[in-house]
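Trainee: One structure, pasted below without further comment.
Since every read-out is calculated from the coordinates, none of them should be taken as a lab result. Keep in mind that what you see is a predicted model, and the values were worked out from it rather than measured. In this analysis, Cβ positions are derived from the backbone assuming ideal geometry, glycine residues included, and neighbour counts consider all displayed protein chains.
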Amino acid sequence: MPQPRRNQVSLQDTCYYHCVSRCVRRSFLCGQDPYTGKSYEHRRGWVEKRLLRLTDVFAISVCAFAVMSNHTHVVLCVEHQQAEGWNTRTVLERWHTLYNGTSLTQRYCQPEEYDLMPKAERLRVELLAETYRQRLMDISWFMRALNEPIARMANREDGCTGRFWEGRFKSQALLDEQALLSCMAYVDLNPIRANIARTPETSDYTSIQLRIKAALNGQQPQPLKRFRTDEDNGDTLPCHLNDYLEVVEFTGRAQRLDKSGHISDATPDLMTRLGISITNWLTLTQGFEYQFGCRVGTLTSLRRCQNHHEAARIRGSGNARRLFAA
């Protein structure tokens, strides 16, 4: 039975989450339908554009994404400290880029109207802004703001009504660096596993393609959460971009050629640091979504989360013991 979203998302456990949205009946509604030959490929561009736009509104960063023919993967990071630093006007202006708000919130954002508002009305707006602040760092609201407009656009194009996405998106909490980086590689390699791309740089509508294009110019893509650099002291992903790209390239080659047992002495430095063997890394990135339940991490991380939630058991402990270092 699916768990309530409030039990799956806990910022006390982690700020990183893997979310999956699937089209109804897993139909090819975002790509090339192999059965009818009809192309919906342009809709994948809709999803990517909308996803990256939302990073300018929400206090949520995108670590990785892949827009497939009948589902999407995103790895998100909730930037709660960023949201807490916004003043009331900033919260309202961000909210108004997606939703109308109320007449009071609209007046609050107009200097000439703000000066005329009674103190009681300002207080009402400030209380409402706190609700908006919480929504702007809420994964469910982020996925809603991503999926609902795409569904409306697709239904309008098809001249129909009804569901475009399945009712619930799936989410997994990524409790530690091992879980985060293996999940990102799993997401970035989705097109290669599906045999719709040969290399990461030709994987359209993925974060890995954006990162590689930017890296060729010595940059990192602005809409995505940054990897660590020697100059960075702030909140970044827990490795250098070059290390991550090497791991993705190696993993992709091993998966395509099915030679996971022939390059055991070529383990990248990142995997050595994380304590994940080549065989286990390939197992994780071939079927990450199905190895665990709604929380992913080492056995130590899962036990800490279990104690925090006072749960009888947390699904995935066996795979955590088998695939991750302690």
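Trainee: So if the hydrodynamic radius of the stretch 1-146 is defined as the Kirkwood radius over C-alpha pairs, what does Stokes-Einstein give as its diffusion coefficient at 4 °C and 1.567 mPa s, in µm² per second? Write out the running numbers ahead of the final one.
Mentor: Values: Rh = 17.3 Å.
Using the Kirkwood radius from Cα pairs, D works out to 75 µm²/s.
Trainee: Here is a follow-up. Given points 7 Å out from each Cα along the Cα-Cβ axis, report the L216 to N195 separation in nanometres with one decimal.
Mentor: With each label placed 7 Å out from Cα toward Cβ, I get 2.7 nm.
Trainee: Give the lysines whose C-alpha is closer than 30 Å to that of K225, dropping any in the same chain fewer than 8 places away, or say none.
Mentor: Answer for K225, where 30 Å is the Cα cut-off: K49, K170, K213, listed by chain and number.
Trainee: More than 19 Å apart: what percent of Cα pairs in the stretch 112-185 qualify? Could you put the intermediate results ahead of the total?
Mentor: Values: 1736 of 2701 pairs.
The calculated P(r) of the stretch 112-185 puts 64 percent of pairs beyond 19 Å.
Trainee: A further question on this structure: Would you calculate the separation in nanometres between label points at Y114 and E84, each defined as 7 Å from the Cα along the Cα-to-beta-carbon direction?
Mentor: Placing both labels 7 Å beyond Cα along the Cβ direction yields 2.4 nm.
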